Amino acid sequence: MLRLTLALLLAASSLHAESLPGYLPLAVPAAHRPAPMKGALWYPAAGTAPEITIGADAVFVGTAALAAPAPAPGLHPLIVLSHGSGGAPWVHSDFARHLVAAGYIVAMPQHTGDN
């Protein structure tokens, strides 16, 4: 029974890792700004990479993702998901993860001076 339980746990953990989205933090130079514009891409991933947690703090558990794995092959529509005034992009991490599971790439900008 113990072997069966361990085998099921191992199988479940490998399925979990395969279904995680890729996460790539971005810093895009902008000539009209004193610092790069920051944000992140969430995308369908191919292969493996270290698992990370995005947005964990004293209130939120955070969202699991893979740190910059290779992207999955194929075409994936882009959605830009803005958190709005006074927010932070990681509060929509679960939503981004669901969109990626449906085949989308999600760009999440940070709004410098308004996060």
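The values are calculated or read from the model by the stated rules, or taken from the named source; none is laboratory data. These numbers come from a predicted model, not from an experiment. Cβ sites come from the backbone with ideal geometry, for glycine too, and all protein chains shown count toward neighbours. Accessible surface is based on the protein model in full, side chains and every heavy atom, while ligands, DNA and RNA are left aside. Shrake-Rupley method; radii C 1.70, N 1.55, O 1.52, S 1.80 Å.
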**Every pair of residues 6+ apart whose Cβ atoms lie under 7 Å, when the first sits in the range 78-106 and is under 17 Å from Pro44 (Cα atoms) while the second is loosely packed, with under 13 Cβ neighbours inside 10 Å and at pLDDT 95 or above** = Tyr104/Pro77; Ile105/Leu78
**Request:** Collect the residues in the range 53-78 that are open to solvent by 50 Å² or more (accessible area, probe 1.4 Å), aliphatic (A, V, I, L, M) and within 21 Å of Gly103 (Cα to Cα), keeping them in residue-number order.
**Result:** Ala68, Ala70, Leu75, Leu78
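So that you can scan it fast, the table gives a plain yes or no per residue for (1) at pLDDT 95 or above; (2) part of a loop (DSSP other than H, G, I, E, B); (3) of a type in the set (Asp, Glu):
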position	(1), (2), (3)
Ser13	no, no, no
Ala17	no, no, no
Ala49	yes, yes, no
Leu66	yes, no, no
**Request:** Look through the range 88-111, keep the residues that are open to solvent by 80 Å² or more (accessible area, probe 1.4 Å) and of a type in the set (A, V, I, L, M, F, W, C), and return whichever of them is modelled with the lowest pLDDT.
**Result:** Trp90
